[in-house]
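S.K.: One structure coming up, written as structure tokens, with questions to follow.
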Amino acid sequence: MVIDVNPPNKTDALNYFDEGGEVPKRWAKASISFGATEEPYVQEFVVGPLPITEESMYFPDTFGSHAEDAKIRIYDMDDSTGFVLDRIMEMDDIIRDLLESESSFLTLR
């Protein structure tokens, strides 16, 4: 669903800026939707250090969660699909204008 750069640890950043320490390692946060399961869920993972190398790794982002794997259950995954598709179809003309296209890219229905 989303991949974004994870801000460095504040202690590491302050050490770099104030004390001339080493540059903090960069990490990313990836939010992944597991919708094709019996009980759909979203789970966030921390990935890094960046850039991706043989030493890079990933693990569930459990910061701020009491759950061991920090999975977020989606109870209305199927119900929201129709809503999202309807909104996309309503924006078809706007999207075509932005892309300067005559044909519709939205042939979902």
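The values are calculated or read from the model by the stated rules, or taken from the named source; none is laboratory data. None of the values given here were measured: they were computed from a predicted structure. Glycine also receives a Cβ, built like all others from the backbone with ideal geometry; neighbour counts cover every protein chain displayed. These accessible areas exclude ligands, DNA and RNA; they are computed on the full protein's heavy atoms, side chains included. Shrake-Rupley method; radii C 1.70, N 1.55, O 1.52, S 1.80 Å.
S.K.: How many residues does region 58-68 contain that are modelled with pLDDT of 80 or more and open to solvent by less than 60 Å² (accessible area, probe 1.4 Å)?
M.R.: Residues in region 58-68 being modelled with pLDDT of 80 or more and open to solvent by less than 60 Å² (accessible area, probe 1.4 Å): 3 in total.
S.K.: Do any residues in region 1-24 that are among the small types (G, A, S) have Cβ atoms under 7 Å from those of residues that are surrounded by 12 or more Cβ atoms within 10 Å (Cβ to Cβ), where the two are at least six apart or on different chains, and which pairs are they?
M.R.: A13/P24; G21/N15
S.K.: State the number of residues belonging to region 42-57 that are surrounded by 13 or more Cβ atoms within 10 Å (Cβ to Cβ) and among the charged types (D, E, K, R).
M.R.: Summing the residues that are surrounded by 13 or more Cβ atoms within 10 Å (Cβ to Cβ) and among the charged types (D, E, K, R) in region 42-57 gives 1.
S.K.: Same structure, new question: Applying the selection to region 31-46, what residues are touching a helix residue (DSSP H, G or I) at 6+ places or on another chain (Cβ under 6 Å) and small (G, A, S)?
M.R.: Selection gives G35 alone.
S.K.: Still on this model: Kindly list, by first and then second residue, each pair from a residue in region 48-68 that is in a loop (DSSP other than H, G, I, E, B) to a residue that is of a type in the set (D, E) and surrounded by 10 or more Cβ atoms within 10 Å (Cβ to Cβ), limited to pairs with Cβ atoms under 7 Å and residues at least 6 apart or on different chains.
M.R.: Once the first residue is in a loop (DSSP other than H, G, I, E, B) and sits in region 48-68, its partners that are of a type in the set (D, E) and surrounded by 10 or more Cβ atoms within 10 Å (Cβ to Cβ) give D61/E44.
S.K.: Follow-up. Yes or no: region 73-93 includes at least one residue that is of a type in the set (D, E, K, R) and touching a strand residue (DSSP E or B) at 6+ places or on another chain (Cβ under 8 Å).
M.R.: Scanning region 73-93, I find at least one residue that is of a type in the set (D, E, K, R) and touching a strand residue (DSSP E or B) at 6+ places or on another chain (Cβ under 8 Å), so the answer is yes.
S.K.: Scan region 4-41 for residues that are assigned to a strand (DSSP E or B), open to solvent by less than 50 Å² (accessible area, probe 1.4 Å) and at pLDDT 90 or above and report the count.
M.R.: Within region 4-41, residues that are assigned to a strand (DSSP E or B), open to solvent by less than 50 Å² (accessible area, probe 1.4 Å) and at pLDDT 90 or above number 4.
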